[in-house]
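Notes follow once the structure below has been shown.
The values are calculated or read from the model by the stated rules, or taken from the named source; none is laboratory data. Bear in mind that the values here come from a model prediction, so they are computed numbers and not experimental data. Quick reminder, even Gly has a Cβ in these numbers, built from the backbone with ideal geometry, and neighbours come from all protein chains shown.
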Ligand SMILES: Nc1nc2c(ncn2[C@@H]2O[C@H](COP(=O)(O)OP(=O)(O)OP(=O)(O)O)[C@@H](O)[C@H]2O)c(=O)[nH]1
Ligand SMILES: [Mg+2]
């Protein structure tokens with residue numbers, strides 16, 4: 001039987017809530033793992049500090065699933081089995097989600113796409129170039145506030161802001177009272193001391209925001225990669241309108257230099273549709 005590493009579990013945010021939810025019948029042949037990336041019908045799961053494997057859902061889970069929400073998403077804790085002589089894991093069960101952030105698909109289908117689950121903080125990331133606007137923050141915030149996760153407004157590209165940044169922050173704080181607002185610039189990530197305070201071990205944060213605001217640039221720093229050794233691809237924004245071009249195409253969870261887990265997401269175009277759900281609802285149970 002596979003015994004999960006205690007250190008891994010606490011680093012990855014495992015707690016009594018999930019412990020209690022392990023269903024008895026699957027306990028013996030499965031072990032807990034967290035979904036760190038998803039690619040079509042395959043999931044990259046982490047089950048130990050250095051234990052990664054690809055896994056697919058079991059036939060039963062697939063059969064019982066009626067919407068995309070019934071499938072694993074990045075951030076989920078799942079119960080996985082590694083059949084003898086196999087390198088591919090089988091996901092038997094998705095543990096209930098504490099929080100889930102998702103958006104509706106564009107088009108006729110009402111099916112929702114989950115961006116990530118079991119998050120503690122939502123960083124509403126917005127650059128303070130010419131594309132900055134209050135309405136967008138408002139929309140992201142409305143959704144974040146429903147989640148149970150803590151919303152934080154993060155202003156990026158402070159280096160290109162021409163006005164007085166303290167004034168800007170004071171204005172945002174007045175507008176969105178009670179919400180923490182921070183700023184940073186890629187020229188000086190080191191001085192953004194709030195990052196080490198917030199991204200503590202055992203927490204999970206998701207970075208959402210329009211394409212090109214600098215989410216992946218920051219996450220590259222947080223996971224210890226640099227310009228010459230970029231783990232996540234980043235791309236210049238169009239100079240004509242300051243807008244990005246959708247460089248990140250999938251969600252992925254990483255361990256940050258401060259211990260907390262961080263999830264990069266693709267920039268959102270159709271943000272109007274984004275909603276966060278509290279998840280202890282029966283609908284998520286498999
Ligand atoms: N001037 C300036 N440019 C920045 C800063 N942070 C990121 N950039 C640049 O902005 C561009 C877009 O950055 P990304 O990190 O790819 O943006 P993203 O939010 O991940 O975009 P998507 O993956 O498309 O959602 C890149 O050219 C970065 O070098 C910053 O603090 N200041
Ligand atoms: Mg990106």
Original post:
Scanning region 175-197 for residues that are assigned to a helix (DSSP H, G or I) and touching a helix residue (DSSP H, G or I) at 6+ places or on another chain (Cβ under 8 Å), which turns out farthest from residue 145 (Cα to Cα)?
Top reply: 189
**OP:** List every residue pair whose Cβ atoms sit under 6 Å apart, with the two residues 6 or more apart in sequence or on different chains, where the first one lies in region 129-140 and is within 16 Å of residue 185 (Cα to Cα) and the second, anywhere, is part of a helix (DSSP H, G or I).
**Re:** 129/160
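Being modelled with pLDDT under 95, more than 29 Å from residue 10 (Cα to Cα) and not assigned by TED's automatic domain parsing to the domain that holds residue 169 narrows it down to one of 106, 101, so name that one.
Testing whether each residue is modelled with pLDDT under 95, more than 29 Å from residue 10 (Cα to Cα) and not assigned by TED's automatic domain parsing to the domain that holds residue 169 leaves just 106.
Quick grid of which residues meet (1) modelled with pLDDT under 85; (2) in contact with a helix residue (DSSP H, G or I) (Cβ under 9 Å, 6 or more places away or on another chain); (3) not in a loop (DSSP other than H, G, I, E, B):
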{"site": "211", "(1), (2), (3)": "no, no, no"}
{"site": "216", "(1), (2), (3)": "no, no, yes"}
{"site": "221", "(1), (2), (3)": "no, yes, yes"}
{"site": "224", "(1), (2), (3)": "no, no, no"}
{"site": "235", "(1), (2), (3)": "yes, yes, no"}
{"site": "240", "(1), (2), (3)": "yes, no, no"}
{"site": "247", "(1), (2), (3)": "yes, yes, no"}
{"site": "250", "(1), (2), (3)": "yes, no, no"}
**OP:** For region 78-89, indicate whether the set of residues that are touching a helix residue (DSSP H, G or I) at 6+ places or on another chain (Cβ under 9 Å) and not assigned by TED's automatic domain parsing to the domain that holds residue 149 is non-empty.
**Re:** yes
Subject >> Selection within region 197-210 - farther than 23 Å from residue 34 by Cα and either more than 20 Å from the chain's Cα centre (by Cα) or surrounded by fewer than 19 Cβ atoms within 10 Å (Cβ to Cβ) (or both) >> reply: 197
